[in-house]
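What follows is a single structure, written as C-alpha cells, with notes after it.
No value in this document is a laboratory result; all are computed from the given coordinates. Quantities reported herein were computed from a predicted structural model and do not represent experimental measurements. A quick note on method: Cβ atoms are made from the backbone with ideal geometry, for glycine too, and the neighbour counts reach across all protein chains shown.
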Amino acid sequence: MVTAIVIPILIIYFFWITKKEKQKQLEKWRRLTEVPLEARLEGEILTVHTDKKRFYHELYSLETILHIKSKKGKYTAIYKQPCQDNSIPPSLIVGQSVELLGQWNENNGFTIGKFIIKTRH
C-alpha cells in the first residue's frame, strides 16, 4: 500500500527536477552569445576553426576558435553561438585584422561577445 503511493510521488518528483534542469540549460544555451564586453583584443587572425559541440542532450553549439597574433603575443579566442538550422558561423579569413570585444577566462583564453573586422588603409 505504501509503495503504491511513494513510487508515483518519486517518479513525479524526478520528472519535475529533470524538467526544471532542462529549462535552465535551454536558457543558458540561448544566452551563449551574451558575453560581457569588458575587455578588448586586437590583432591578426592566424587560424580559424569552427566545431559543432554538444551543449546539453539535443542542444548543440557552434564554437569558432581563433588564434590571434597581437602586439603583445599570441592568444586563443572562442566565439560560441547556439547551433540551429539557420546558424551560420562568422565569416572570418586568415590574415584579417580584427578587434574582439568580450571577456578573459581563467585559462588565459578570450571569450568573444562581439567582433569588428578592421579595414586596412
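Using the Cβ-Cβ distance between ARG31 and HIS67 with R0 = 22 Å, the FRET efficiency computed as 1/(1 + (r/R0)^6) comes to roughly 0.30. With a cut-off of 8 Å between alpha carbons and a minimum separation of six or more residues, what is the relative contact order of the chain in percent? Relative contact order here is 25 percent.
Length gained on full extension, THR3 to LYS118: 34.7 nm, using 0.36 nm per residue less the C-alpha separation. Peptides 102-112, 9-19 ranked from most to least packed give 102-112, 9-19, packing being the mean of other C-beta atoms within 10 angstrom over each peptide's residues.
Evaluate E = 1/(1 + (r/R0)^6) for LYS22 and LEU46, where r is the Cβ-Cβ distance and R0 equals 41 Å; express this FRET efficiency to the nearest 0.05.
The calculated FRET efficiency here is 0.60.
Between the Cα long axis of helix 2-30 and the first principal axis of the chain there is an angle of about 10°, rounded to the nearest 10. Of LEU10, GLY43, ASN86, which is farthest towards the positive pole of the chain's charge dipole, taken about the Cα centre with +1 and -1 on the beta-carbons of Lys, Arg and Asp, Glu respectively? The one lying farthest along the dipole's positive direction is GLY43. Listed options for volume of the Cα convex hull per residue in Å³ are [x] 95; [y] 190; [z] 127. The value calculated from this structure is the one marked [z].
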